[in-house]
Amino acid sequence: MDKMRVAVFASGSGTNLQAIIDAEIQTIQIVLVFTNNPKAYAIERAKNHNIPVEVIDHKNYQTREEYEKHIIEVLDPYKLDLIVLAGFMRILSPVLVRAYKNKIVNIHPALLPSFPGINSARQALEYGVKYTGVTVHFVDEGVDTGPIILQSIVEIEDKDTEESLLRKIHKVEHRIYPKAIELISSADIEVIGRRVIKKY
Ligand code: GRF
């Protein structure tokens, strides 16, 4: 089977990008790193591994739709099978989501549907839950609402601060994002309604 052609979208440090690169997933080829942030450290990580980079700053566009129409044009020659959002700090509009229907995945630092949106670790601490975690999901037209592929739990201890909790969450992210991408790229799952089911 051909390797899945994957683009990783990142806006910041890119530790998840690094974890995906380091996992050396045999069923994918990372053909592009895309960023909206010219200063993202993810750019260096991509260059260190000879992965092509496209930088398109959203600030140069009037609307989300205009920005995404341009992204779609730029992505076209890469013939992508999958877009992996790894700390991409822009909410996608239906323009991009529809162009890549069921081909975009995201990682969220909480157990969805709890604590969607931003500052999820802080939200979990303030709520007082004893467990939070990490969710990998397909991206639909809502915010953090798409079908769930994998989840993993993280315990919140009394001594945890937002920083210590984020460290624990990141560690789990780096383990489960490559695992989820491997699942998708080996075509072992199917989406039935909201449920993502293992085929075998
Ligand atoms: C991760 O915590 C991820 O859950 C969230 O953004 C963060 C990205 O971190 N969507 P990094 O850039 O991969 O280090």
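The values are calculated or read from the model by the stated rules, or taken from the named source; none is laboratory data. Since the model is a prediction, treat every value here as computed from it, not as a measurement. Cβ coordinates were reconstructed from backbone atoms using ideal geometry, including for glycine residues, and neighbour counts include every protein chain displayed. In case anyone asks, the SASA skips ligands and DNA or RNA and just uses the protein heavy atoms, side chains included. Shrake-Rupley method; radii C 1.70, N 1.55, O 1.52, S 1.80 Å.
Database remark: amide H of M89 closer than 5 angstrom to the amide H of S11 (H placed geometrically; neighbours at sequence offset of 5 or more, or on other chains; Pro and chain starts carry no H). Expressed as a whole percent, the proportion of Cα-Cα pairs in the stretch 1-87 lying more than 21 Å apart is 27%. Solvent-accessible surface of the chain, taken per residue with a 1.4 Å probe and all protein chains present: 54 Å². With the convex hull constructed from alpha-carbon coordinates only, the stretch 31-71 shows a mean projected area of 2.9 nm² over all directions. Rg then Dmax, both in Å and based on the Cα atoms of the chain: 16.5, 50. When peptides 83-89, 26-32, 59-65 are ranked by their average number of other Cβ atoms within 10 Å per residue, the highest-first order is 83-89, 26-32, 59-65. Close amide H contacts of L112 (hydrogens built in the peptide plane, cut-off under 5 Å, sequence separation of 5 or more or a different chain): T135. Among 34-44, 103-113, the peptide with the highest mean count of other Cβ atoms within 10 Å heads the list, and the full ranking is 103-113, 34-44. The three principal axes of the Cα atoms in the stretch 145-200 give end-to-end lengths of 41, 21, 17 Å, sorted in falling order.
One decimal place: the segment S186-V55 gains 44.2 nm when fully extended, by the rule 0.36 nm per residue minus the C-alpha distance. Taking 17 Å as the cut-off, the amide N atoms of the stretch 72-105 that come nearer than this to a point 7 Å along the Cα-to-beta-carbon line of I118 belong to 86-93.
Among the GluC sites (Glu not before Pro) in the stretch 89-187, those located in a DSSP loop and surrounded by at most 14 other Cβ atoms within 10 Å of their own Cβ are E141, E157. Residues of the stretch 109-150 with an amide N closer than 13 Å to a point placed 7 Å from the Cα of M89 along the Cα-to-Cβ direction: 118-119.
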